[in-house]
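Since the structure comes first, as structure tokens, the remarks are kept for the end.
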Amino acid sequence: MAINGEKAPLAALTWFPEAFGNLGKKQYEAALAMQRELLDTLEQMNHAWFARAQSEIDLAAEFFGKVAETRSIPGVATACQECITKQMEMFSEDSRRMLADGEKLLRAGTRHLANGASAVN
């Protein structure tokens, strides 16, 4: 806008109370902190699941090694039974980890949402 050929200052924005600016800044910082925490949690989960995938590969390699060494049907059956037992244990551990990871994400999100709600009030 030009008044008398000169640019007018941003007078329209000067009526905003400082609290509005601080509120927006606080919400932005809270959202950024929540994203940072969620990404850190997801990174930790990613590392744990990658290690889990590696252990599955190791188990398969161990199973195939035992089957290759075994010269009898009962030996192969024993190797299969051991492998299945380990897989069931890993599956049980995976279930617990999934619940724990879901809880971590839920806690992080609700903690920041609760903090954001109290900041707005």
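Only the coordinates and a few stated rules stand behind these numbers; no lab work does. These numbers come from a predicted model, not from an experiment. In this analysis, Cβ positions are derived from the backbone assuming ideal geometry, glycine residues included, and neighbour counts consider all displayed protein chains.
Using +1 on the beta carbon of Lys and Arg, -1 on that of Asp and Glu, and nothing else charged, what's the dipole of the range 27-116 about the Cα centre, debye to 20? Mind showing how you got there, number by number?
Working: 10 positive and 14 negative charges, 29 e Å.
Approximately 140 debye in magnitude.
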(request) Go through the range 28-42 residue by residue and turn each phi into a ³J(HN,Hα) via Karplus (6.51, -1.76, 1.60, θ = phi - 60°); whole Hz please, and just put x for glycine and proline. (result) 4, 5, 5, 5, 5, 5, 5, 4, 4, 5, 5, 5, 4, 5, 5
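What is the calculated FRET efficiency for ASP40 to ILE84, with r their C-beta to C-beta distance and R₀ = 35 Å, to the nearest 0.05?
On the way: r = 36 Å, r/R0 = 1.02.
Efficiency computed from Cβ-Cβ geometry: 0.45.
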(request) Starting from the Cα of HIS47, step 7 Å along the direction of its Cβ; do the same at SER92; then give the gap between the two resulting points in nm. (result) 2.7
(message) If each residue of separation counts as 0.36 nm, what is the full-extension length gain between ARG107 and ASP58 once their alpha-carbon separation is subtracted?
(response) 14.3 nm
(request) Using the Karplus curve 6.51 cos²θ - 1.76 cosθ + 1.60 with θ = phi - 60°, work out ³J(HN,Hα) for each residue of the range 60-74 in order, rounded to whole Hz, and write x for Gly and Pro. (result) 5, 5, 5, 4, 5, x, 5, 5, 5, 7, 6, 10, 9, 5, x
(message) Placing +1 on the Cβ of each Lys and Arg and -1 on the Cβ of each Asp and Glu in the range 27-116, which of ALA68, ALA108, CYS80 has its Cα farthest towards the positive end of the resulting dipole?
(response) ALA108
